[in-house]
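The values are calculated or read from the model by the stated rules, or taken from the named source; none is laboratory data. Note that the structure is a prediction, hence the values are computed from the model and not measured. No Cβ is skipped: glycine too gets one built from the backbone with ideal geometry, and neighbour counts run over all protein chains shown. Areas reflect the complete protein model, heavy atoms only, side chains present, ligands, DNA and RNA absent. Shrake-Rupley method; radii C 1.70, N 1.55, O 1.52, S 1.80 Å.
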Amino acid sequence: MPFGCSMGMTPEENALCAALTQLKTEHGPLVEKMVELQRLATQFVAADAIRKEELLTELQTNANAFIAELEPHSAKEEDVLFTMMAKYVGREAGPIAVMEYEHEQAKRFLNRFLEDGFPDYLQSAVEVLLQHFQKEEQVLFPMAQKLLNEEEKQELLEKIAPKHPERL
C-alpha cells in the first residue's frame, strides 16, 4: 500500500484537495519549531543555574515565535474548516469538539509557560499538538475531503490561502 493511504483506498481517493493540503503543509514548519522547543526544554532540565537563565530566555523567544506562527494556522482551522465540517458532524461532540478542545488545551499550556516560565508546560503543549496534528492528518483532513463538496473545498481554499498582493 502506498505511504499515506488509508486502508482500502487508492491514492486518488486518499488525495486531499488544495485547501486541506495547504493546512497539512503548514504542520511541517510548526513541527520543526516544536522539536526545537523540546530540545531546548530538555537542555534546560540538565543545565546549571546560569545556563538555565539563558535557556529560559531562548525558550520564551522561541515560544513566542512559535505561537505567532501557530495562531493563524489554528484560526484557519477553527474559524473556517471546523465551522464548515460542523454542518455535517456537529460541533458539540465528536471530532470537531475534540479538535477544539485540543486547541484550547495547547493554548492553555503555552500561556502557562509564558506566565510561569516552567518548561514542563511547554513540553505538555508540544505533546498535545504533535498528537493533534497526527489526528488531523490521519482522520480529520481525510474526513473533510469526503464530507465537503467541491464548492465548499473551493470556498475553504479562498478563505485560508495566503493572499498575494497585486503586482504593479
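Just a few scattered comments:
- Filter pass, Lys107 being in a helix (DSSP H, G or I) and farther than 26 Å from Leu40 by Cβ: no
- Inclusion of Arg91 among residues that are surrounded by 14 or more Cβ atoms within 10 Å (Cβ to Cβ), at negative phi, more than 18 Å from the chain's Cα centre (by Cα) and outside any helix (DSSP H, G or I) is warranted.
- Selection count where residues are buried (at least 19 other Cβ atoms within 10 Å of the Cβ) and either at pLDDT below 95 or in contact with a Lys or Arg (Cβ under 9 Å, 6 or more places away or on another chain) (or both), scope the range 123-132: 1
- Taken over the range 133-164, residues that are in a loop (DSSP other than H, G, I, E, B), hydrophobic (A, V, I, L, M, F, W, C) and at pLDDT 95 or above amount to 1.
- Looking only at the range 106-119, and only at residues there that are open to solvent by less than 40 Å² (accessible area, probe 1.4 Å) and out of contact with any Pro (no Cβ under 9 Å at 6 or more places or on another chain), the one that is modelled with the lowest pLDDT: Gly117
- Residue check for Val98: of a type in the set (A, V, I, L, M, F, W, C) and open to solvent by 60 Å² or more (accessible area, probe 1.4 Å): yes
- Count of residues meeting criterion [farther than 27 Å from Ile160 by Cα, without any contact (Cβ under 8 Å) to a residue 24 or more places away in the chain and buried (at least 18 other Cβ atoms within 10 Å of the Cβ)] in the range 41-83: 1
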